[in-house]
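Engineer: One structure follows; several queries about it will come next.
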Amino acid sequence: MNEKSGKIKMIKIVKADERHLVDNESQHSYWLFSYSDYLDMKNTHFGDLKVFNDDIIRAGKTVETESIYDKEIVTIILEGELTHEDSIGTKDVLKAGDVQVLSAGSGVSYSGINLSDKDTHICRMWINPLRQNMEPACRKNNFYMDSRKNELVALAGQGYPGSVKLRANSTVFMSKLEQGKMIEFLTDISRYISIYVLEGNIKLCGEKLGQNDQIRINQNDTIVIEADTEAFFVFVDAAGNY
């Protein structure tokens, strides 16, 4: 914690080699927070962000069925495809560039299978909703990031045209920055910012992040992100209501 000239700042870096690894015949995955049988009571959430998984689902393999309630489940397909099925009747093939929000609400079960002959790469998040016990729902959209470089693109949230509706006081962004380019984001102490680098190198808040590093920020100040190389990252702006 740092206080200067009325500014409050909390920063935590999670390096790539600090992530929890799960490697089996179905998946090669890194978990950033406690999830499933990985329990770390000091690492259960950051604001309303409860889960952030970077998953490789192997060709021809199935993701184990999960039953959950009162979470907004955001899935970003980075490479490959995933056939999604859930208990509210959704059956859909998610492909690269697709972003799906499954609002678990009063309860939903879901699973996925990679029916292709290539591995599928996804990021999956669980975020606390605005209200509990809502009716479950599933929505998606596709985003072509190469046409929207050097900006924060809202993938899931509220009030952003084209974004997938997220029933939470949080927004999931993604950005592709060219080398030397910068973006700014105004935040305050009520918000919990998590940035996960998928590719390249960035610097912000006096810190340098490489591929698969994560930074967690809670501060009263503008965040300035600069790309040291061409960079690709997920940016979550979550409420702190948990």
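The values are calculated or read from the model by the stated rules, or taken from the named source; none is laboratory data. Predicted model, so just to flag it, every value in this text is computed and none were measured. Cβ atoms come from the backbone with ideal geometry, glycine included; neighbour counts cover every protein chain shown. Only protein heavy atoms, including side chains, enter the accessible area calculation; ligands, DNA and RNA are left aside. Shrake-Rupley method; radii C 1.70, N 1.55, O 1.52, S 1.80 Å.
Engineer: If I filter region 47-58 for residues that are open to solvent by 40 Å² or more (accessible area, probe 1.4 Å), in contact (Cβ under 8 Å) with a residue 12 or more places away in the chain, out of contact with any strand residue (DSSP E or B) (no Cβ under 8 Å at 6 or more places or on another chain) and not in a strand (DSSP E or B), do I get at least one hit?
Structural biologist: no
For (1) β-branched (Val, Ile, Thr); (2) without any contact (Cβ under 8 Å) to a residue 60 or more places away in the chain; (3) in contact with a helix residue (DSSP H, G or I) (Cβ under 8 Å, 6 or more places away or on another chain); (4) within 21 Å of SER163 (Cβ to Cβ), each residue gets a yes or a no:
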position: LEU39; (1), (2), (3), (4): no, yes, no, no
position: THR44; (1), (2), (3), (4): yes, yes, no, no
position: HIS84; (1), (2), (3), (4): no, yes, no, yes
position: GLY89; (1), (2), (3), (4): no, yes, no, no
position: ALA96; (1), (2), (3), (4): no, yes, no, yes
position: LEU102; (1), (2), (3), (4): no, yes, no, yes
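Engineer: Search region 145-197 for residues being of a type in the set (Phe, Trp, Tyr) and buried (at least 20 other Cβ atoms within 10 Å of the Cβ), and hand back the single one that is farthest from PRO129 (Cα to Cα).
Structural biologist: Ranking the qualifying residues of region 145-197, first place goes to TYR196.
Engineer: Okay, moving on. Counting only residues that are assigned to a strand (DSSP E or B) and touching a residue at least 60 places away in the same chain (Cβ under 8 Å), how many does region 158-202 have? Can you show your working first?
Structural biologist: Residues of region 158-202 that are assigned to a strand (DSSP E or B), as a first pass: 164-165, 171-177, 182-186, 191-199, 202.
Keeping just the survivors that are touching a residue at least 60 places away in the same chain (Cβ under 8 Å) gives 164-165, 171-175, 191-192, 194, 196, 198.
Total meeting the criteria: 12.
Engineer: Here is a further query. What are the residues in region 204-222 that are closer than 27 Å to GLY97 by Cβ and either touching a Ser or Thr at 6+ places or on another chain (Cβ under 6 Å) or open to solvent by 40 Å² or more (accessible area, probe 1.4 Å) (or both), if any?
Structural biologist: GLN211, ARG216 - these are the residues of region 204-222 that are closer than 27 Å to GLY97 by Cβ and either touching a Ser or Thr at 6+ places or on another chain (Cβ under 6 Å) or open to solvent by 40 Å² or more (accessible area, probe 1.4 Å) (or both).
Engineer: Test ASP37 against the criterion of being surrounded by fewer than 18 Cβ atoms within 10 Å (Cβ to Cβ) and modelled with pLDDT under 95, and give yes or no.
Structural biologist: On the way: surrounded by fewer than 18 Cβ atoms within 10 Å (Cβ to Cβ): yes; modelled with pLDDT under 95: yes.
The answer is yes for ASP37.
Engineer: Mind checking which residues of region 120-148 are within 23 Å of GLY89 (Cβ to Cβ), under 17 Å from the mean Cα position of the chain (by Cα) and part of a loop (DSSP other than H, G, I, E, B)?
Structural biologist: Listed by number, the list holds a single entry, PRO129.
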